[in-house]
1. Where in segment 57-81 does the amide nitrogen come within less than 17 Å of the point 7 Å from the Cα of residue 114, taken along Cα to Cβ?
2. If segment 29-178 were replaced by its equivalent ellipsoid, with semi-axes equal to the square roots of 5 times the Cα gyration tensor eigenvalues, what would those be, largest first, whole Å?
3. Can you send over the solvent-accessible area of residue 58, 1.4 Å probe, protein chains only, in Å² to the nearest 10?
4. Roughly how compact is segment 172-258, stated as its Cα Rg over 2.2 N^0.38 Å to two decimals?
5. Could you give the size of the charge dipole of the chain about its Cα centre, using +1 on the Cβ of each K and R and -1 on the Cβ of each D and E, expressed in debye and rounded to the nearest 20?
6. Only Cα pairs under 8 Å and at least 6 apart count here; give the relative contact order of segment 10-136 as a rounded whole percent.
7. Given a cut-off of under 8 Å on Cα pairs at least six residues apart, what relative contact order in percent is computed for the chain?
8. Please list, by residue number, every one of the trypsin sites (Lys or Arg not before Pro) in segment 143-239 that is coil in DSSP and has at most 11 other beta-carbon atoms within 10 Å.
Amino acid sequence: YGHHVEFGTLDKFIATLKEKTAADSKDGTSWMLLGLMEAQRGQDGNSADAFRQAEVTRPTDAMACYYLAQSLLRIGQNEEAIAAFELAIERKPQRNDLLEIFQQLGRVHQRAQRTEEAMKVWSRLELLFPDDPRVLEQIAVTLAEEGDSAQALIRYERLAKLVKDDYRRTMCLIAVAELKIKTSQKDGGIADLETIMAELDPDSWIYKDVRRRIDDVFLRSGDQDSLVKYYQKWIESHSEDVEGMARLAKFLAQAARVPE
(Lines give C-alpha, C1' and ligand atoms only; values in the text may rest on other atoms or scores of the structure.)
Protein backbone atom coordinates (compact mmCIF):
# COMPACT_ATOMS: atom_id res chain seq x y z
CA TYR A 1 0.00 0.00 0.00
CA GLY A 2 2.79 2.40 0.95
CA HIS A 3 4.62 1.60 -2.28
CA HIS A 4 1.59 2.37 -4.46
CA VAL A 5 0.82 5.58 -2.57
CA GLU A 6 4.43 6.74 -2.93
CA PHE A 7 4.52 6.08 -6.66
CA GLY A 8 0.97 7.24 -7.39
CA THR A 9 -0.14 3.83 -8.68
CA LEU A 10 -2.75 2.94 -6.07
CA ASP A 11 -5.80 3.60 -8.27
CA LYS A 12 -4.26 1.57 -11.08
CA PHE A 13 -3.49 -1.34 -8.72
CA ILE A 14 -7.04 -1.33 -7.30
CA ALA A 15 -8.44 -1.22 -10.85
CA THR A 16 -6.33 -4.30 -11.67
CA LEU A 17 -7.75 -6.15 -8.65
CA LYS A 18 -11.29 -5.23 -9.71
CA GLU A 19 -10.61 -6.55 -13.21
CA LYS A 20 -9.38 -9.83 -11.73
CA THR A 21 -12.48 -10.25 -9.54
CA ALA A 22 -14.74 -9.34 -12.47
CA ALA A 23 -13.05 -11.98 -14.62
CA ASP A 24 -13.16 -14.60 -11.86
CA SER A 25 -15.61 -14.00 -9.03
CA LYS A 26 -14.06 -16.92 -7.10
CA ASP A 27 -10.61 -15.30 -6.96
CA GLY A 28 -10.47 -15.11 -3.17
CA THR A 29 -6.94 -13.71 -3.07
CA SER A 30 -7.87 -10.72 -5.22
CA TRP A 31 -11.03 -10.09 -3.17
CA MET A 32 -8.94 -10.17 0.00
CA LEU A 33 -6.32 -7.77 -1.38
CA LEU A 34 -9.02 -5.45 -2.69
CA GLY A 35 -10.68 -5.36 0.72
CA LEU A 36 -7.38 -4.62 2.47
CA MET A 37 -6.51 -1.82 0.06
CA GLU A 38 -9.95 -0.20 0.32
CA ALA A 39 -9.79 -0.44 4.12
CA GLN A 40 -6.36 1.21 4.16
CA ARG A 41 -7.64 4.21 2.21
CA GLY A 42 -10.75 4.56 4.35
CA GLN A 43 -13.31 3.22 1.86
CA ASP A 44 -15.00 1.04 4.46
CA GLY A 45 -18.17 0.36 2.49
CA ASN A 46 -16.13 -0.89 -0.46
CA SER A 47 -13.85 -2.91 1.80
CA ALA A 48 -16.85 -4.59 3.47
CA ASP A 49 -18.23 -5.58 0.04
CA ALA A 50 -14.87 -7.06 -0.95
CA PHE A 51 -14.42 -8.92 2.34
CA ARG A 52 -17.93 -10.40 1.99
CA GLN A 53 -16.78 -11.98 -1.25
CA ALA A 54 -13.48 -13.05 0.31
CA GLU A 55 -15.34 -14.70 3.18
CA VAL A 56 -17.36 -16.81 0.72
CA THR A 57 -14.49 -17.66 -1.63
CA ARG A 58 -12.05 -18.45 1.19
CA PRO A 59 -14.27 -20.71 3.36
CA THR A 60 -11.53 -21.69 5.82
CA ASP A 61 -9.90 -18.26 6.19
CA ALA A 62 -10.74 -16.79 9.58
CA MET A 63 -9.05 -13.50 8.75
CA ALA A 64 -11.47 -12.76 5.90
CA CYS A 65 -14.29 -12.82 8.46
CA TYR A 66 -12.25 -10.83 10.95
CA TYR A 67 -11.46 -8.03 8.47
CA LEU A 68 -15.08 -8.04 7.35
CA ALA A 69 -16.18 -7.56 10.95
CA GLN A 70 -13.81 -4.60 11.37
CA SER A 71 -15.12 -2.92 8.21
CA LEU A 72 -18.72 -3.50 9.28
CA LEU A 73 -18.01 -1.90 12.66
CA ARG A 74 -16.64 1.20 10.96
CA ILE A 75 -19.82 1.64 8.91
CA GLY A 76 -22.05 1.09 11.94
CA GLN A 77 -23.35 -2.41 11.18
CA ASN A 78 -22.60 -3.81 14.61
CA GLU A 79 -24.90 -6.83 14.56
CA GLU A 80 -23.48 -8.04 11.26
CA ALA A 81 -19.98 -7.41 12.64
CA ILE A 82 -20.72 -9.61 15.67
CA ALA A 83 -21.84 -12.42 13.37
CA ALA A 84 -18.64 -12.04 11.34
CA PHE A 85 -16.49 -12.16 14.51
CA GLU A 86 -18.28 -15.35 15.59
CA LEU A 87 -17.71 -16.93 12.17
CA ALA A 88 -14.02 -15.99 12.39
CA ILE A 89 -13.81 -17.81 15.75
CA GLU A 90 -15.54 -20.88 14.28
CA ARG A 91 -12.88 -21.06 11.58
CA LYS A 92 -10.21 -21.60 14.27
CA PRO A 93 -7.61 -18.89 13.58
CA GLN A 94 -4.11 -18.95 15.01
CA ARG A 95 -3.79 -18.33 18.72
CA ASN A 96 -2.73 -14.67 18.57
CA ASP A 97 -5.44 -13.85 16.04
CA LEU A 98 -8.01 -15.72 18.13
CA LEU A 99 -7.15 -13.62 21.19
CA GLU A 100 -7.51 -10.41 19.15
CA ILE A 101 -10.86 -11.51 17.69
CA PHE A 102 -12.28 -12.41 21.10
CA GLN A 103 -10.99 -9.12 22.51
CA GLN A 104 -12.68 -7.04 19.83
CA LEU A 105 -15.91 -9.05 20.08
CA GLY A 106 -15.99 -8.50 23.84
CA ARG A 107 -15.41 -4.77 23.35
CA VAL A 108 -18.32 -4.50 20.91
CA HIS A 109 -20.71 -5.98 23.48
CA GLN A 110 -19.13 -3.95 26.29
CA ARG A 111 -19.53 -0.65 24.44
CA ALA A 112 -23.12 -1.47 23.59
CA GLN A 113 -23.65 -2.03 27.35
CA ARG A 114 -24.54 -5.67 26.75
CA THR A 115 -22.70 -6.73 29.87
CA GLU A 116 -24.10 -10.27 29.98
CA GLU A 117 -23.06 -10.99 26.38
CA ALA A 118 -19.61 -9.48 27.01
CA MET A 119 -19.10 -11.68 30.08
CA LYS A 120 -20.05 -14.74 28.03
CA VAL A 121 -17.33 -13.83 25.52
CA TRP A 122 -14.69 -13.45 28.27
CA SER A 123 -15.82 -16.72 29.88
CA ARG A 124 -15.49 -18.57 26.57
CA LEU A 125 -11.99 -17.19 26.13
CA GLU A 126 -11.00 -18.18 29.66
CA LEU A 127 -12.28 -21.73 29.07
CA LEU A 128 -10.16 -21.99 25.93
CA PHE A 129 -7.01 -20.89 27.76
CA PRO A 130 -7.43 -21.80 31.45
CA ASP A 131 -4.70 -20.52 33.76
CA ASP A 132 -2.89 -18.72 30.94
CA PRO A 133 -1.65 -15.47 32.52
CA ARG A 134 -1.30 -13.71 29.16
CA VAL A 135 -4.92 -14.37 28.24
CA LEU A 136 -6.14 -13.39 31.70
CA GLU A 137 -4.10 -10.18 31.55
CA GLN A 138 -5.54 -9.23 28.16
CA ILE A 139 -9.06 -9.73 29.49
CA ALA A 140 -8.30 -7.75 32.64
CA VAL A 141 -6.75 -4.87 30.68
CA THR A 142 -9.69 -4.77 28.26
CA LEU A 143 -12.26 -4.77 31.06
CA ALA A 144 -10.42 -2.00 32.88
CA GLU A 145 -10.16 0.10 29.70
CA GLU A 146 -13.87 -0.38 29.05
CA GLY A 147 -14.75 0.80 32.56
CA ASP A 148 -15.83 -2.54 34.07
CA SER A 149 -13.64 -2.15 37.16
CA ALA A 150 -15.39 -4.83 39.24
CA GLN A 151 -14.81 -7.60 36.69
CA ALA A 152 -11.28 -6.35 35.95
CA LEU A 153 -10.51 -6.51 39.68
CA ILE A 154 -11.49 -10.20 39.83
CA ARG A 155 -9.13 -11.01 36.94
CA TYR A 156 -6.21 -9.01 38.32
CA GLU A 157 -6.55 -10.73 41.70
CA ARG A 158 -6.33 -14.12 39.97
CA LEU A 159 -3.49 -12.90 37.80
CA ALA A 160 -1.45 -11.79 40.83
CA LYS A 161 -1.58 -15.38 42.09
CA LEU A 162 -0.64 -16.90 38.73
CA VAL A 163 2.36 -14.84 37.61
CA LYS A 164 5.80 -15.91 38.81
CA ASP A 165 7.82 -12.83 37.88
CA ASP A 166 8.16 -10.43 40.84
CA TYR A 167 7.85 -7.29 38.73
CA ARG A 168 4.69 -8.46 36.94
CA ARG A 169 3.20 -9.61 40.24
CA THR A 170 3.87 -6.18 41.77
CA MET A 171 2.25 -4.41 38.82
CA CYS A 172 -0.80 -6.70 39.10
CA LEU A 173 -1.10 -5.92 42.81
CA ILE A 174 -0.90 -2.20 42.03
CA ALA A 175 -3.70 -2.65 39.49
CA VAL A 176 -5.76 -4.50 42.13
CA ALA A 177 -5.30 -1.63 44.58
CA GLU A 178 -6.21 1.00 41.97
CA LEU A 179 -9.35 -0.92 40.97
CA LYS A 180 -10.40 -1.27 44.61
CA ILE A 181 -10.19 2.51 44.92
CA LYS A 182 -12.31 2.90 41.79
CA THR A 183 -14.92 0.48 43.15
CA SER A 184 -15.46 2.46 46.39
CA GLN A 185 -12.96 0.44 48.42
CA LYS A 186 -10.69 3.41 49.07
CA ASP A 187 -9.31 2.31 52.44
CA GLY A 188 -8.66 -1.22 51.21
CA GLY A 189 -6.91 0.06 48.10
CA ILE A 190 -4.65 2.40 50.10
CA ALA A 191 -3.85 -0.42 52.54
CA ASP A 192 -2.88 -2.63 49.59
CA LEU A 193 -0.58 0.08 48.22
CA GLU A 194 1.07 0.39 51.64
CA THR A 195 1.61 -3.38 51.73
CA ILE A 196 3.27 -3.21 48.32
CA MET A 197 5.53 -0.37 49.51
CA ALA A 198 6.65 -2.46 52.48
CA GLU A 199 8.07 -5.05 50.06
CA LEU A 200 9.91 -2.53 47.85
CA ASP A 201 13.23 -0.72 48.01
CA PRO A 202 12.44 2.85 49.13
CA ASP A 203 14.93 4.17 46.55
CA SER A 204 13.29 2.33 43.64
CA TRP A 205 11.13 4.06 41.06
CA ILE A 206 8.26 1.64 41.75
CA TYR A 207 8.22 2.65 45.43
CA LYS A 208 8.05 6.31 44.45
CA ASP A 209 5.34 5.56 41.90
CA VAL A 210 3.21 3.73 44.49
CA ARG A 211 3.60 6.64 46.92
CA ARG A 212 2.52 9.07 44.19
CA ARG A 213 -0.55 6.92 43.56
CA ILE A 214 -1.52 7.19 47.24
CA ASP A 215 -1.18 10.98 47.05
CA ASP A 216 -3.34 11.02 43.92
CA VAL A 217 -6.18 9.21 45.72
CA PHE A 218 -6.60 12.29 47.92
CA LEU A 219 -5.58 14.95 45.40
CA ARG A 220 -8.06 13.77 42.74
CA SER A 221 -10.89 14.60 45.10
CA GLY A 222 -9.23 17.81 46.31
CA ASP A 223 -9.05 16.43 49.87
CA GLN A 224 -5.81 18.10 50.96
CA ASP A 225 -6.68 17.98 54.66
CA SER A 226 -7.15 14.20 54.60
CA LEU A 227 -3.82 13.83 52.79
CA VAL A 228 -2.11 15.85 55.55
CA LYS A 229 -3.76 13.65 58.21
CA TYR A 230 -2.68 10.54 56.28
CA TYR A 231 0.99 11.58 56.35
CA GLN A 232 0.82 12.68 59.99
CA LYS A 233 -0.44 9.22 60.90
CA TRP A 234 2.07 7.56 58.56
CA ILE A 235 5.05 9.30 60.18
CA GLU A 236 3.89 8.23 63.64
CA SER A 237 4.56 4.62 62.64
CA HIS A 238 7.41 5.33 60.16
CA SER A 239 9.57 7.77 62.14
CA GLU A 240 12.62 7.25 59.87
CA ASP A 241 10.80 8.10 56.64
CA VAL A 242 12.51 11.37 55.70
CA GLU A 243 10.77 11.61 52.34
CA GLY A 244 7.43 11.15 54.09
CA MET A 245 8.27 14.09 56.33
CA ALA A 246 9.19 16.20 53.31
CA ARG A 247 5.92 15.33 51.61
CA LEU A 248 3.98 16.23 54.75
CA ALA A 249 5.78 19.59 54.86
CA LYS A 250 4.93 20.22 51.20
CA PHE A 251 1.24 19.44 51.67
CA LEU A 252 1.05 21.53 54.85
CA ALA A 253 2.55 24.46 52.95
CA GLN A 254 0.05 23.97 50.13
CA ALA A 255 -2.72 24.04 52.74
CA ALA A 256 -1.43 27.43 53.99
CA ARG A 257 -0.13 25.89 57.23
CA VAL A 258 3.44 27.15 56.76
CA PRO A 259 4.52 27.30 60.44
CA GLU A 260 3.65 23.61 60.87
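The values are calculated or read from the model by the stated rules, or taken from the named source; none is laboratory data. Quick caveat: nothing in here was measured; it's all calculated off a predicted structure. Note that we place each Cβ from the backbone using ideal geometry, even for glycine, and neighbour counts take in every protein chain shown. The accessibility values were calculated without ligands, DNA or RNA, using every heavy atom of the protein model including side chains. Shrake-Rupley method; radii C 1.70, N 1.55, O 1.52, S 1.80 Å.
1. So the set is 66, 69-81.
2. Gyration-tensor ellipsoid for segment 29-178: 32, 16, 13 Å.
3. 70
4. Working it through for segment 172-258, the quotient is 1.06.
5. The dipole magnitude comes to about 260 debye.
6. Values: 138 pairs, mean separation 17.7, N = 127.
Computed over segment 10-136, the figure is 14 percent.
7. 7
8. When the trypsin sites (Lys or Arg not before Pro) of segment 143-239 are filtered for loop state and at most 11 Cβ neighbours within 10 Å, 164, 220 remain.
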